[in-house]
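> Pasting in a structure now, in structure tokens, and then I'll have a few things to ask.
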Amino acid sequence: MWTAPLPQEFAEKSARPLPGDARDLATLLSLRRVSLEEAEDAVRTYSNNALNVDEDIMLFVFAAVFDTLGDTRRDVINGIELYSLKQIALSERIDSVRSEMRGLVDADDPDFDRIDRLEEQLDWDERVFRDRARSLTYVCETPVLIEKRLYAIAKLLLKYAR
């Protein structure tokens with residue numbers, strides 16, 4: 001994402017110098033609710049007001065943004081994993097209820113009250129399963145959107161480095 005050469009001190013995370021105003025910029029750029037237009041305005045303002053805005057300082061701003069959004073991306077991916085495990089468990093429960101219903105319906109003396117309760121449970125579980133499946137598309141797009149934002153921020157920071 002970062003196309004400029006990396007300075008020697010970049011390898012050591014604790015050695016990355018980041019003055020307060022640059023740290024504030026990194027915090028702002030890390031907020032996903034901040035549009036790229038607002039981000040560009042903030043970077044432009046920072047570049048115009050700061051005394052020393054070279055590629056190195058912009059790299060350190062980007063590194064701070066990358067660390068924050070990388071953590072967010074990792075949390076989202078972990079959430080997707082939990083989400084999918086819940087979907088698998090719900091699918092297995094739906095299959096189990098269907099199997100139990102088949103057995104009750106085929107019985108010589110069906111328990112219609114139990115069948116009715118299972119049918120209600122099945123209807124509810126299937127509805128939840130479908131709703132979650134529809135939401136999964138958005139959830140799975142989120143890490144990609146974060147990556148695209150990081151790339152756009154890298155380009156912005158390089159654009160305004162002097």
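The values are calculated or read from the model by the stated rules, or taken from the named source; none is laboratory data. This structure is a prediction, so every number in the text was calculated from the model and none was measured. As a convention, Cβ positions derive from the backbone with ideal geometry for all residues, glycine included, and neighbour counts pool all protein chains shown.
> When residues of segment 1-58 are filtered for being at pLDDT 90 or above, of a type in the set (D, E, K, R) and not in a helix (DSSP H, G or I), how many remain?
2
> Listed residues R117, R149, R134, R130; which is under 25 Å from S30 (Cβ atoms) and either surrounded by 14 or more Cβ atoms within 10 Å (Cβ to Cβ) or not hydroxyl-bearing (S, T, Y) (or both)?
None of the others qualify; the one that does is R149.
> Would you say G70 is surrounded by 13 or more Cβ atoms within 10 Å (Cβ to Cβ) and not hydroxyl-bearing (S, T, Y)?
yes
> So which of I94, I88 ends up being in contact (Cβ under 8 Å) with a residue 24 or more places away in the chain and over 23 Å from V144 (Cα atoms)?
That would be I94, the only listed residue that is in contact (Cβ under 8 Å) with a residue 24 or more places away in the chain and over 23 Å from V144 (Cα atoms).
> Among the residues of segment 59-101, which ones are closer than 25 Å to Y160 by Cβ and of a type in the set (G, A, S)?
Matches in segment 59-101: A63, A64, G70.
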